[in-house]
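Peer 1: Okay, handing you the structure first.
The values are calculated or read from the model by the stated rules, or taken from the named source; none is laboratory data. Because the structure is a prediction, the values reported are computed rather than measured. We place every Cβ from the backbone using ideal geometry, glycine too, and count neighbours over all the protein chains shown. The protein model used for the area step is the full one, side chains on, heavy atoms only, and it has no ligands, DNA or RNA in it. Shrake-Rupley method; radii C 1.70, N 1.55, O 1.52, S 1.80 Å.
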Amino acid sequence: SLDTQAMSSRVRVFGIGSPHGDDQAGWHVAHILQERTAVPATVVRHPLDLCDVISGCRHAVIVDSCVRGGEVGSVVGLNWPDDRIASKSRGSTHGVDVDFALRLAEQLGNFPEEITLLLIEIAACDPGGKCSSAIVAAASNLADQIQCQWQRADE
């Protein structure tokens, strides 16, 4: 059995997205984890909102989408700080990327000891469109992996 109280202060998942097609990938992961209540997850509508929500946890897991020409649905995992985060998150639909938001949060203090970025490769953002079945499946797989990894770490 999971001690969700203790875990909530350790690992939190933050799904970043927008209502534009496959850019909803991070939201899908957060919603799946919220339904299962296995790992605390928060839906983040704008990267700058990370400054408010990541304080107080030991390990932040941030799920976002990226367009880098890789295989659609593939996941890149990076640990902060990493120069590749800026290049992976450039071209954000939000106007402000995750790298900038994390640098700002770090300056504001109360920063997690550990930050993992999980970036789901998408083909394109369809303004106001639905998330493709490939990305919904990738989000579901990633939610499974996150749940397995952090439940094991908690045992």
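Peer 1: Which count do you get for residues in region 9-57 that are farther than 21 Å from Ala137 by Cα, touching a strand residue (DSSP E or B) at 6+ places or on another chain (Cβ under 8 Å), of a type in the set (A, V, I, L, M, F, W, C) and part of a helix (DSSP H, G or I)?
Peer 2: Within region 9-57, residues that are farther than 21 Å from Ala137 by Cα, touching a strand residue (DSSP E or B) at 6+ places or on another chain (Cβ under 8 Å), of a type in the set (A, V, I, L, M, F, W, C) and part of a helix (DSSP H, G or I) number 2.
Peer 1: Sort through Leu102, Leu78 and tell me the only one that's open to solvent by less than 30 Å² (accessible area, probe 1.4 Å), under 18 Å from Trp150 (Cα atoms) and at pLDDT 90 or above. Talk me through it step by step, then tell me what you get.
Peer 2: Details: Leu102 fails: under 18 Å from Trp150 (Cα atoms).
After ruling out the rest, the residue left standing is Leu78.
Peer 1: How do the pairs read when you match residues in region 105-134 that are under 20 Å from Ser18 (Cβ atoms) with residues anywhere that are of a type in the set (Lys, Arg) and open to solvent by less than 50 Å² (accessible area, probe 1.4 Å), using Cβ under 7 Å and keeping only pairs 6 or more apart or on different chains?
Peer 2: Leu119/Lys88
Peer 1: Given the residues Gly21, Gly56, Gly73, which is the only one that is modelled with pLDDT of 95 or more and either buried (at least 17 other Cβ atoms within 10 Å of the Cβ) or not acidic (Asp, Glu) (or both)?
Peer 2: On the way: Gly21 fails: modelled with pLDDT of 95 or more; Gly56 fails: modelled with pLDDT of 95 or more.
The unique qualifying residue is Gly73.
Peer 1: Considering Gln107, Gln145, Gln151, which residue is at pLDDT 80 or above and either more than 21 Å from Pro47 (Cβ to Cβ) or in a loop (DSSP other than H, G, I, E, B) (or both)?
Peer 2: Numbers: Gln107 fails: either more than 21 Å from Pro47 (Cβ to Cβ) or in a loop (DSSP other than H, G, I, E, B) (or both); Gln151 fails: at pLDDT 80 or above.
Result of the check over Gln107, Gln145, Gln151: Gln145.
Peer 1: With respect to Glu113, is the statement that it is farther than 22 Å from His46 by Cβ, in contact with a Lys or Arg (Cβ under 6 Å, 6 or more places away or on another chain) and modelled with pLDDT of 90 or more true?
Peer 2: Here the answer is yes, as Glu113 does meet what is asked.
Peer 1: Here's something else I'd like to know. Against the definition (modelled with pLDDT of 85 or more, touching a helix residue (DSSP H, G or I) at 6+ places or on another chain (Cβ under 7 Å) and among the basic types (Lys, Arg)), how does Arg36 come out, yes or no? Give the derivation first.
Peer 2: Numbers: modelled with pLDDT of 85 or more: yes; touching a helix residue (DSSP H, G or I) at 6+ places or on another chain (Cβ under 7 Å): yes; among the basic types (Lys, Arg): yes.
Criteria met by Arg36.
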